[in-house]
Structures are given as structure tokens and as C-alpha cells.
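Undergrad: Mind looking over this structure? Questions follow.
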Amino acid sequence: MTTLTLEHVWKRFGSFEALKDINLNLPSGKMITFLGPSGSGKSTMFRLVAGLDDTTEGTVRFDGEDVTRLPAHKRNVGMVFQNYALFPHLNVWENISYGLKLQKRPKAERRARAEELLDLIKLPHIADRSIKQLSGGQQQRVSIARALAMEPRLFLLDEPLSALDAKLREHMQAELCDLQQTLGITTIVVTHDQREAMTMSDVVVVIDQGEVQQVGSPLEIYRKPATPFVADFVGSSTLLEGIARSDGTFEFNGQSLKVTAPDWASRDLTPGLLCLRPEQLHLAPRSAQTPNAIDVDVSLIRDLGSEIEVQARAGEYEFLVKESSGQPLGYGVGDKMRLHIPETAHLIRA
Ligand SMILES: Nc1ncnc2c1ncn2[C@@H]1O[C@H](COP(=O)(O)OP(=O)(O)OP(=O)(O)O)[C@@H](O)[C@H]1O
């Protein structure tokens with residue numbers, strides 16, 4: 001089991017800064033995702049960890065050992081890519097054991113290792129098949145087996161499931177998690193899909209514009225986003241702009257809302273953003289005099305069967321509220337309501 005550390009890592013392409021002073025200390029034996037939008041720098045970071053590209057500045061360490069200048073083939077990492085990258089002229093078991101062949105291991109040993117890995121990826125009877133006879137999902141599993149054949153220190157996957165259809169993708173997410181837990185190998189998955197990151201990971205590293213925005217468990221990232229970018233990129237939210245005080249009040253639009261005081265709020269006025277998630281919100285009639293609430297107008301109602309999505313507006317702000325579909329809502333589009341703001345809503349420093 002290997003820990004991964006990045007210290008003051010920079011990557012420049014000419015004058016363009018693709019990664020800016022990345023500092024990470026990631027635990028061993030966990031499922032870790034690098035999550036970010038297109039162009040955020042996650043594949044660049046993956047390539048530096050894998051040894052496929054050089055850092056411009058900074059140090060990469062595996063278990064404290066400086067591997068910054070080691071090329072990929074000397075780092076003992078197993079890699080999987082979106083396009084599988086299998087050798088079409090070799091059959092399944094020859095693909096899986098290719099690295100062992102380069103090490104001149106005997107054929108019987110290579111075959112035995114390939115079969116062991118085929119059991120692990122739940123495709124026990126396909127050792128002698130040609131790669132061309134396999135479906136996309138099977139090919140991706142074979143590429144996973146190939147990456148694990150040399151017992152790598154780190155298991156690195158760059159958008160491994162992007163080429164698969166939605167259903168197979170969900171199935172493979174669960175299988176990858178099972179595999180990671182069985183082997184206990186430190187695993188890094190690059191993805192732009194926040195749902196994938198949230199369902200698969202022990203630790204999510206959120207990246208935007210070459211900078212780490214937050215490192216945390218899926219729950220921490222969702223409940224306590226560190227930056228407006230994280231709040232917006234992971235799940236739905238409305239961010240209210242206001243002023244935070246250390247006494248646990250949040251001044252918004254001439255109103256004083258009660259919230260949980262963050263440690264960064266001073267007695268003076270500190271600009272903050274109150275992050276409201278749909279499932280935290282609740283609408284009540286104006287007549288109910290709901291405390292800790294703001295006036296809103298209902299603008300859209302969508303019954304999704306399992307739940308009802310309600311949109312409400314207050315000036316420039318739009319809120320998404322999730323109501324259960326069990327009972328009638330008791331209000332409709334155009335109604336004037338009160339939106340209750342929970343005291344547990346998370347405040348982000350603006
Ligand atoms: N070899 C290169 N030369 C110049 N610029 C590059 C090079 N590789 C990446 N970049 C730039 O660095 C930035 C980050 O690229 P990277 O591929 O890491 O993004 P990403 O988050 O993985 O996005 P995607 O999901 O689209 O692959 C992008 O603006 C990209 O254009």
C-alpha cells in the first residue's frame with residue numbers, strides 16, 4: 001500500500017500554467033478520484049503521477065520516496081485508459097501477461113497469473129479469446145487485469161468508464177470499488193463526472209484551473225464545499241451573497257438569518273456565501289410566519305415520480321427545493337411562499 005505525495009508541483013506548457021503549486025498528501029489503500037471539468041488539469045496531474053510527463057517544478061513521492069525523475073516503467077504503476085489500449089494481435093491472456101513476458105518469466109507462470117486475474121475480474125473462461133471478440137465492457141476489464149498483473153504500487157485510471165453506456169458504467173463503478181477493496185491497492189481515478197466521483201471515492205480531490213480546490217470525503221465535499229466552485233460543480237446549490245458575523249448571523253438583503261458561525265467570521269463584517277442544497281430547503285405559506293426564512297415566488301414544479309422538484313425565485317436568486325411525492329404539495333406555480341433557511345446551512349468565505 002502506497003501513499004502519494006505531491007509537493008509544490010507546477011506544470012507549465014510554455015507560458016501556460018496547467019498546474020499551480022499542487023500540494024497533496026493522499027492516504028494509502030484508498031479509492032481516490034481527481035475530479036474537475038474539462039481542461040482543469042486532472043489528466044496532467046495523472047500523467048505526472050504516472051511518470052508519463054515531467055513536472056516543471058516540485059516533487060512527487062511514493063511512500064516518501066522521491067520518484068519525480070523516474071520514468072513510468074520504473075515507477076511500478078498500473079495504468080488504465082478510456083480507450084483500453086489493448087494489443088489487437090495478442091489474445092486475452094497474452095495481453096494480461098504482457099509485462100511478465102517483458103520480464104522473461106516462464107510461460108506457465110504467465111498463464112497462471114493471467115487466469116488468476118481473469119477470475120478476479122469475473123471473466124474466468126476467456127483466456128484464449130481474441131480481443132476483437134470482446135465487448136467494450138469486457139475489453140475494459142481485461143485492460144484492468146493487465147494493469148494489475150505486475151502488482152503495481154499504484155493503480156491509475158484515466159476516465160476508465162467514459163466509453164461505456166450509462167448502465168454498464170454504473171455496474172463497472174461498483175465492480176471497480178469491489179476490486180479496490182479486495183486488493184487494498186491505492187487507486188486513483190480521473191473523472192469529470194461528479195456522480196461517479198461521489199459514488200466511488202473514499203477521497204475526492206477537486207481541481208479547477210490547475211489548482212486544488214478541496215480534498216475530502218464525498219460527504220465533506222458535498223456538505224461543506226470549501227469554495228464557490230466546489231459548491232457549484234458538485235451537486236446543485238444556491239449561493240446567497242451576504243455578510244457573516246461571529247455571533248452566527250448572516251446579513252442577507254436587509255435581513256438577519258441565523259446560521260452556524262464559521263471560524264473565519266469575525267465580529268466585523270466578513271463577506272460570505274451561504275450554500276443552500278435542495279434537500280435542506282423547505283417551503284411554507286407566507287401566513288405561517290416561518291422564522292429564519294425569506295420570501296420567494298414559486299416559478300416551476302416538476303413531478304419526477306420519486307420526488308417533486310420545485311423552483312422558487314427571490315430577485316436574482318433561484319432555488320431548487322426537493323419535496324417528497326407522498327402527499328399533495330399544497331401550493332402551485334405563482335404562489336408566494338416562505339423559504340426556510342436551515343441553521344446548518346454551510347457558509348463559504350467569499
Ligand atoms: N502538451 C500540452 N501542451 C500544451 N497545453 C497542454 C498540453 N497538455 C495539456 N495542456 C493544457 O493544460 C490544460 C489542462 O489539460 P488536462 O488535459 O490536464 O485537462 P483535463 O482536466 O484532464 O481535461 P479533459 O477532461 O478535457 O481531459 C488544458 O488547458 C490543456 O489545453
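Undergrad: Confirm whether Gln255 is among the polar types (S, T, N, Q) and within 16 Å of the ligand (Cβ to nearest atom). Outline the logic, then answer.
TA: On the way: among the polar types (S, T, N, Q): yes; within 16 Å of the ligand (Cβ to nearest atom): no.
Here the answer is no, as Gln255 does not meet what is asked.
Undergrad: Here are some residues: Arg47, Arg141, Arg61. Which one is within 16 Å of the ligand (Cβ to nearest atom), buried (at least 16 other Cβ atoms within 10 Å of the Cβ) and among the basic types (Lys, Arg)?
TA: Arg47
Undergrad: Here's something else I'd like to know. Which members of region 53-75 meet the condition of being outside any strand (DSSP E or B), of a type in the set (Lys, Arg) and touching a residue at least 24 places away in the same chain (Cβ under 8 Å)?
TA: Within region 53-75, just Arg75 meets the criteria.
Undergrad: Now for a separate question. For region 320-331, what are the residues that are assigned to a loop (DSSP other than H, G, I, E, B) and over 11 Å from Arg302 (Cα atoms)?
TA: Listed by number, the residues that qualify are Gly326, Gln327, Pro328, Leu329, Gly330, Tyr331.
Undergrad: Anything in region 332-350 that is touching a residue at least 60 places away in the same chain (Cβ under 8 Å) and in a strand (DSSP E or B)? List them, or say none.
TA: Scanning region 332-350 gives His346, Leu347, Ile348, Arg349.
Undergrad: Would you tally the residues in region 22-52 being more than 23 Å from Glu196 (Cα to Cα) and either free of Cβ contacts under 8 Å to residues at least 40 places away in the same chain or outside the structural domain of Val67 (by TED's automatic domain parsing) (or both)?
TA: Of the residues in that region, 2 qualify.
Undergrad: Say we look at region 206-229 and pick out the residues that are surrounded by 19 or more Cβ atoms within 10 Å (Cβ to Cβ), under 22 Å from Ala18 (Cα atoms) and away from the ligand (no atom under 13 Å from the Cβ); which of these is farthest from the chain's Cα centre (by Cα)?
TA: Ranking the candidates gives Phe229 first.
Undergrad: Regarding Glu17, is this residue in contact (Cβ under 8 Å) with a residue 40 or more places away in the chain and either surrounded by fewer than 19 Cβ atoms within 10 Å (Cβ to Cβ) or within 15 Å of the ligand (Cβ to nearest atom) (or both)?
TA: Against the criterion (in contact (Cβ under 8 Å) with a residue 40 or more places away in the chain and either surrounded by fewer than 19 Cβ atoms within 10 Å (Cβ to Cβ) or within 15 Å of the ligand (Cβ to nearest atom) (or both)), Glu17 qualifies.
Undergrad: OK, next. Go through (1) touching a residue at least 12 places away in the same chain (Cβ under 8 Å); (2) more than 13 Å from the ligand (Cβ to nearest atom); (3) part of a loop (DSSP other than H, G, I, E, B) for Arg105 and report which single condition fails.
TA: (1)
Undergrad: Identify the residue in region 22-39 that is touching a His at 6+ places or on another chain (Cβ under 8 Å) and within 6 Å of the ligand (Cβ to nearest atom) and, among all such residues, is farthest from Thr187 (Cα to Cα).
TA: Within region 22-39, the match that is farthest from Thr187 (Cα to Cα) is Ser38.
Undergrad: To continue, here is another question. Do you know which residues across region 20-39 are assigned to a loop (DSSP other than H, G, I, E, B) and crowded, with 24+ Cβ neighbours inside 10 Å?
TA: Matches in region 20-39: Gly36 only.
Undergrad: So Asp232 passes all but one of these: (1) in contact (Cβ under 8 Å) with a residue 12 or more places away in the chain; (2) on the phi < 0 side of the Ramachandran plot. Which condition number does it fail?
TA: (1)
Undergrad: Does Glu196 satisfy being surrounded by fewer than 18 Cβ atoms within 10 Å (Cβ to Cβ), within 16 Å of the ligand (Cβ to nearest atom) and either hydroxyl-bearing (Ser, Thr, Tyr) or farther than 14 Å from Val80 by Cβ (or both)?
TA: no
Undergrad: Same structure again: Got at least one residue in region 76-87 being without any contact (Cβ under 8 Å) to a residue 60 or more places away in the chain, surrounded by fewer than 16 Cβ atoms within 10 Å (Cβ to Cβ) and not in a loop (DSSP other than H, G, I, E, B)?
TA: No - not one qualifying residue is present in region 76-87.
The values are calculated or read from the model by the stated rules, or taken from the named source; none is laboratory data. Quick caveat, the model's predicted, so the values are computed rather than measured. Neighbour counts run over all protein chains shown; Cβ positions are idealised from the backbone, glycine included.
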